[in-house]
Amino acid sequence: MAIQFPNRIDLTPEEEALASRIDFDYVKLGYDPESCLSARELTKLLIERDAVPEVRLDYFCKPEYNVGSTKSRYEQFEANGVRGEEVFESPHFFEHLKYFVYGPNLSDQTKEAFFQIAKNDTLPTSVQRERLRDFSRNETRRLRLNPKTAAEEFYKLALECTSKLHIAESVRDAVRAVNYR
């Protein structure tokens with residue numbers, strides 16, 4: 001898998017229109033039928049044209065990418081009785097669709113600095129892993145991010161920038177351990 005900077009994916013005008021109708025912050029507003037239908041249609045279009053990067057689909061579809069669970073995120077929907085395309089219109093799917101389209105929810109500056117460390121292939125893997133862990137912890141503290149939320153976003157970023165599951169899990173664990181005492 002080629003390592004690329006985790007950019008937002010390019011949307012067609014039709015997809016852009018659908019994305020603009022989705023309130024990705026469903027928790028604040030509750031169930032919104034227009035957002036749900038738009039999310040379903042947008043997801044179908046993105047999948048039809050293979051627009052979602054493979055690593056982002058793996059994050060959603062493969063159990064090994066769901067740390068602490070034996071089921072993938074998709075399988076968790078199915079276990080809760082939501083199947084097929086119904087998954088795509090569930091408000092709980094919005095966070096995944098947002099990731100499909102926009103990538104890890106971190107600033108471009110943070111993503112760029114992380115990417116620069118990750119793409120340095122002259123470093124031994126153990127040194128690179130420690131630099132990524134240190135950077136992620138320091139960035140979480142500097143920006144006063146919620147460690148639990150930041151851990152998941154840095155995990156996604158590490159998956160995209162390194163393509164190594166063990167490094168991504170190590171980065172995730174390091175950020176989750178950040179304490180603001």
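The values are calculated or read from the model by the stated rules, or taken from the named source; none is laboratory data. All figures in this text were calculated on a predicted structure; none of them were measured in a lab. Because the Cβ atoms are built from the backbone with ideal geometry, glycine has one as well, and the counts that use them run over all protein chains shown.
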- Message: With the requirement that a residue be among the hydroxyl-bearing types (Ser, Thr, Tyr) and not in a helix (DSSP H, G or I), what does the stretch 155-181 give you?
- Response: Ser163, Tyr180
- Of all the residues that make up the stretch 78-117, how many are over 18 Å from Ile47 (Cα atoms) and in contact with a helix residue (DSSP H, G or I) (Cβ under 9 Å, 6 or more places away or on another chain)? 15
- Message: I'm told Asp25 meets every condition in (1) acidic (Asp, Glu); (2) buried (at least 16 other Cβ atoms within 10 Å of the Cβ); (3) farther than 25 Å from Cys161 by Cα except one. Can you identify the failing condition by its number?
- Response: (2)
- Message: If the requirement is being β-branched (Val, Ile, Thr) and over 13 Å from the mean Cα position of the chain (by Cα), which of these qualifies: Val87, Val101, Val55?
- Response: Val87
- Return a yes/no flag: does the stretch 32-53 have any residue that is modelled with pLDDT under 90 and either in the same structural domain as Phe154 (by TED's automatic domain parsing) or in a loop (DSSP other than H, G, I, E, B) (or both). yes
- Task: List every residue pair whose Cβ atoms lie under 8 Å apart, where the two residues are 6 or more positions apart in sequence or sit on different chains, the first residue falls within the stretch 165-181 and is touching a residue at least 12 places away in the same chain (Cβ under 8 Å) and closer than 25 Å to Glu54 by Cβ, and the second residue, located anywhere, is in a loop (DSSP other than H, G, I, E, B) and not aromatic (Phe, Trp, Tyr).
- Result: Glu169/Val67; Arg172/Val67
